Amino acid sequence: MIFRQLFDSVSGTYSYLLASRRGGEALIIDPVLEKVDRYLQLVRELELKLVKAVDTHLHADHITGLGALRDRTRCITVMGEQSKADVVSMRLSDGDRLTIEGLALEAIYTPGHTDDSYSFIMPDRVFTGDTLLIRGTGRTDFQNGDARQQYESIFGRLMKLPETTLVYPAHDYKGETVSTIGEEKAFNPRLQVKSVDEYVVLMNSLNLPNPKMMDVAVPANQHVGLSQDEIARHGGSLSASEAMAVLGRPDLALVDLRERGERERNGVIPGSLHVPYPALPEHLGAGGILNELAKSTGKQILFYCAFGERSAMAVQAAHDAGLASARHIQGGIDAWKKASGPLTH
Ligand SMILES: [Fe+2]
């Protein structure tokens, strides 16, 4: 496995680059905007293909690199379903698997620092975001933080992991890089409490100043969405109800860009082809099935995904590949459901 812990000294943020092999797919956890050039250089040096960028939660102390990485690599942006970030292209729930080629991370919902905090588990390590820090825990006094929930996330979930599990947090301000669950259980001063009530009292007595970047970072991080309006202005979109009106037409090819788990959970529009978003480039190029389908049968491709983000990027990619008639369903399955569009499970 390729594993890199990357540090932003301004915000004290750790970001993590993971891939199963040189030349393979990669994902990055908690990227910082100012460091995006550095990440992409490393991705090139290791001959990786960045396919997913993930935030453990909506950050208050730095601006996320999710939007910039998406714009520059067309990677999928991922956060938890509770996140207030405007449009993230894939949303996870507790127990979902976050996968790339050769690697799978289990997403667990660990609220408390914020109400959208997730941790990501691998067999030997856990990425804890700001839920559990090294000899500390993330503050719980803003962004719908809740000390009681955090206690439950830490003691009820994270501390149940094997003691040898490596702990990789989203921040450190003292130069620590990694710990273990056993070590934190024994030595983390915040965890030496006898009850949830004692933990709540401890967390509510911290009186911390707000992060310097908070007024800038929180609003900026809520607006990482690709402007689907831009695609719509160029005629590349159908609303969910417009798409329902053309459903079943023989000259239309519906293409679902989501992953298998998302399809199983939320259903599929009847008659759709399935082309997961990361496989799109090979299918759009000369000789690819979508390229052939559009050119030899004259069918119009109509992409969709969960929220319309991946499909908006797919429209751009299809246009770049010469498939000028490709469009997408604005707002994705989310909008389709709200318009009571038919789904099969
Ligand atoms: Fe945070």
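The values are calculated or read from the model by the stated rules, or taken from the named source; none is laboratory data. Being a predicted model, the structure only gives us computed values, none of them experimental. All Cβ positions, even for glycine, are placed from backbone atoms using ideal geometry, and neighbour counts span all protein chains on display. Note: accessible area is taken over every heavy atom of the protein model, side chains too, but ligands, DNA and RNA are not part of it. Shrake-Rupley method; radii C 1.70, N 1.55, O 1.52, S 1.80 Å.
Each row is one residue, and each column tells you yes or no for (1) of a type outside the set (Lys, Arg); (2) open to solvent by 10 Å² or more (accessible area, probe 1.4 Å); (3) more than 12 Å from the ligand (Cβ to nearest atom).
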| site | (1), (2), (3) |
| --- | --- |
| Arg91 | no, yes, yes |
| Thr99 | yes, yes, yes |
| Tyr109 | yes, yes, yes |
| Ile121 | yes, yes, yes |
| Ile134 | yes, no, yes |
| Arg148 | no, yes, yes |
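Does Tyr199 fit the bill of being among the aromatic types (Phe, Trp, Tyr) and either in a strand (DSSP E or B) or within 29 Å of the chain's Cα centre (by Cα) (or both)? Criteria not met by Tyr199.
Set side by side, the residues Val275, Val178 differ, and just one is of a type outside the set (Asp, Glu) and open to solvent by less than 40 Å² (accessible area, probe 1.4 Å), which is Val275. Residues satisfying the criterion are present in the range 245-264 (criterion: under 23 Å from the mean Cα position of the chain (by Cα), at negative phi and among the β-branched types (Val, Ile, Thr)).
Each row is one residue, and each column tells you yes or no for (1) of a type outside the set (A, V, I, L, M); (2) within 16 Å of the ligand (Cβ to nearest atom); (3) buried (at least 20 other Cβ atoms within 10 Å of the Cβ).
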{"residue": "Glu47", "(1), (2), (3)": "yes, no, no"}
{"residue": "Leu50", "(1), (2), (3)": "no, no, yes"}
{"residue": "Leu58", "(1), (2), (3)": "no, yes, yes"}
{"residue": "Gly67", "(1), (2), (3)": "yes, no, yes"}
{"residue": "Ser83", "(1), (2), (3)": "yes, yes, yes"}
{"residue": "Val87", "(1), (2), (3)": "no, no, yes"}
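Evaluating Gly24 against the criteria (1) open to solvent by less than 40 Å² (accessible area, probe 1.4 Å); (2) within 16 Å of the ligand (Cβ to nearest atom) leaves one unmet condition, (2).
This table checks each residue for (1) farther than 30 Å from Glu106 by Cβ; (2) of a type in the set (Phe, Trp, Tyr); (3) open to solvent by 50 Å² or more (accessible area, probe 1.4 Å).
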| site | (1), (2), (3) |
| --- | --- |
| Ala253 | yes, no, no |
| Ile269 | no, no, no |
| Ala286 | yes, no, yes |
| Asn291 | yes, no, no |
| Thr297 | yes, no, yes |
| Phe303 | no, yes, no |
| Asp334 | no, no, yes |
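Open to solvent by 10 Å² or more (accessible area, probe 1.4 Å), of a type in the set (Asp, Glu) and within 15 Å of the ligand (Cβ to nearest atom): does that describe Asp71? No.
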